[in-house]
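**Student:** Take a look at the following structure, please.
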Amino acid sequence: MATERVDASELLLDGPAWAGKVYLNTAAEGLLLKSCREAMLQYLADKATGEPGRIPMWAALERARGRAAELFGVPASRTALVSSTTEALNTIARGIDWRPGDEVVFTSVEFPSNMFPWVDLSETGVRKRIVSPRDGRIWLEDVLEEITPRTRLVTLSQVSYATGQHLDPRPVWARVRNSDTLLCVDATQAAGRVPVSGEHADFAVASVFK
Ligand SMILES: Cc1ncc(COP(=O)(O)O)c(C=O)c1O
């Protein structure tokens, strides 16, 4: 994907706090974009009008779903907006009818939000199969090796928050797509930087603030 040079001052809020400083986005918590601030102010303005304000608010929601759908390459009807990636992952984890002996595959370098929901399932008899890095990186073949007929779900970051490694989830999708195994891709560090395909996963989740 081509990278585009942008003038940060066009996108970010001006402010004495960072005037004269260099802003390096480390993808931890990005600064609020001018466009976000404007959208939030518009929301408050609409909200302040009472019931008539609902019409533009719902329209804004549908536009946001349309743009998320474009980013993930899926129809808008297959997108949902929730409060955070953490909420999305917990909703997925709590929405599956787990059976004792089911297995979940994830890596030891996932963001905690993509580990705790699965670790928390231990009480229901769900087993964890954790893939650790070798030579500082996760190898797809190690992930594929952990998939067994008991695997109910594989969950992976497309780009690691810890190392920045970009892992292509498509070989995992090719392996599980016609089986009972679900694939969840955490695209929080990937969306907007590298192509993300919602068509190559059962669930693709991302935050908007990177
Ligand atoms: C890879 C990854 N997944 C999940 C999260 C959590 O996102 P949220 O704060 O939207 O729950 C983060 C946050 O940094 C992240 O980097």
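**Student:** Identify, please: which residue in the stretch 152-177 is open to solvent by 40 Å² or more (accessible area, probe 1.4 Å) and of a type in the set (Gly, Ala, Ser) and is, among those, nearest to the ligand (Cβ to nearest atom)?
**Tutor:** Checking each candidate, the answer is 162.
**Student:** Could you figure out which of (1) open to solvent by 20 Å² or more (accessible area, probe 1.4 Å); (2) farther than 23 Å from residue 164 by Cα; (3) over 14 Å from the mean Cα position of the chain (by Cα) isn't true of residue 81?
**Tutor:** Of the numbered conditions (1) open to solvent by 20 Å² or more (accessible area, probe 1.4 Å); (2) farther than 23 Å from residue 164 by Cα; (3) over 14 Å from the mean Cα position of the chain (by Cα), the odd one out for residue 81 is (3).
**Student:** In the stretch 24-39, how many residues are over 12 Å from residue 12 (Cα atoms) and within 14 Å of the ligand (Cβ to nearest atom)?
**Tutor:** Matching residues across the stretch 24-39 total 4.
**Student:** Additional query: Being hydrophobic (A, V, I, L, M, F, W, C) and either part of a helix (DSSP H, G or I) or over 20 Å from the mean Cα position of the chain (by Cα) (or both) is the filter here, so list the residues in the stretch 119-135 that pass it.
**Tutor:** 119, 121, 126
**Student:** Select from the stretch 12-31 the residues that are open to solvent by 80 Å² or more (accessible area, probe 1.4 Å) and modelled with pLDDT of 75 or more and write down the one among them that is farthest from the chain's Cα centre (by Cα).
**Tutor:** 20
**Student:** Hey, could you check the stretch 179-188 for residues that are within 15 Å of residue 164 (Cα to Cα) and in a loop (DSSP other than H, G, I, E, B) and say which is most open to solvent (accessible area, probe 1.4 Å)?
**Tutor:** Step by step, filter the stretch 179-188, then rank; the result is 188.
**Student:** Tell me, yes or no, whether the stretch 136-151 has at least one residue that is open to solvent by less than 40 Å² (accessible area, probe 1.4 Å), part of a strand (DSSP E or B), within 16 Å of the ligand (Cβ to nearest atom) and not aromatic (Phe, Trp, Tyr).
**Tutor:** no
**Student:** How about the stretch 88-108: which of its residues are within 16 Å of the ligand (Cβ to nearest atom) and either modelled with pLDDT under 95 or surrounded by fewer than 21 Cβ atoms within 10 Å (Cβ to Cβ) (or both)?
**Tutor:** Scanning the stretch 88-108 gives 90, 91, 92, 94, 108.
**Student:** What are the pairs, 6+ residues apart or on separate chains, where a residue within the stretch 46-64 that is part of a helix (DSSP H, G or I) has its Cβ under 6 Å from a residue that is open to solvent by 100 Å² or more (accessible area, probe 1.4 Å)?
**Tutor:** 53/47
**Student:** Let me ask something additional. Out of everything in the stretch 189-210 that is more than 14 Å from the ligand (Cβ to nearest atom) and outside any loop (DSSP other than H, G, I, E, B), what residue ends up being surrounded by the most Cβ atoms within 10 Å (Cβ to Cβ)?
**Tutor:** Once the filter is applied, the top-ranked residue is 198.
**Student:** For the stretch 70-87, name all the residues that are part of a helix (DSSP H, G or I) and free of Cβ contacts under 8 Å to residues at least 60 places away in the same chain.
**Tutor:** The answer is 70, 76, 77, 86, 87.
**Student:** Here is a further query. Would you please list the contacts, defined by Cβ atoms under 7 Å and residues six or more apart or on different chains, that run from a residue in the stretch 192-210 that is touching a residue at least 40 places away in the same chain (Cβ under 8 Å) and on the phi > 0 side of the Ramachandran plot to a residue that is of a type in the set (A, V, I, L, M) and open to solvent by 70 Å² or more (accessible area, probe 1.4 Å)?
**Tutor:** Every condition considered, the pairs that remain are 192/71.
The values are calculated or read from the model by the stated rules, or taken from the named source; none is laboratory data. This structure is a prediction, so every number in the text was calculated from the model and none was measured. Glycine gets a Cβ as well: all are built from the backbone with ideal geometry, and neighbour counts include every protein chain shown. The protein model used for the area step is the full one, side chains on, heavy atoms only, and it has no ligands, DNA or RNA in it. Shrake-Rupley method; radii C 1.70, N 1.55, O 1.52, S 1.80 Å.
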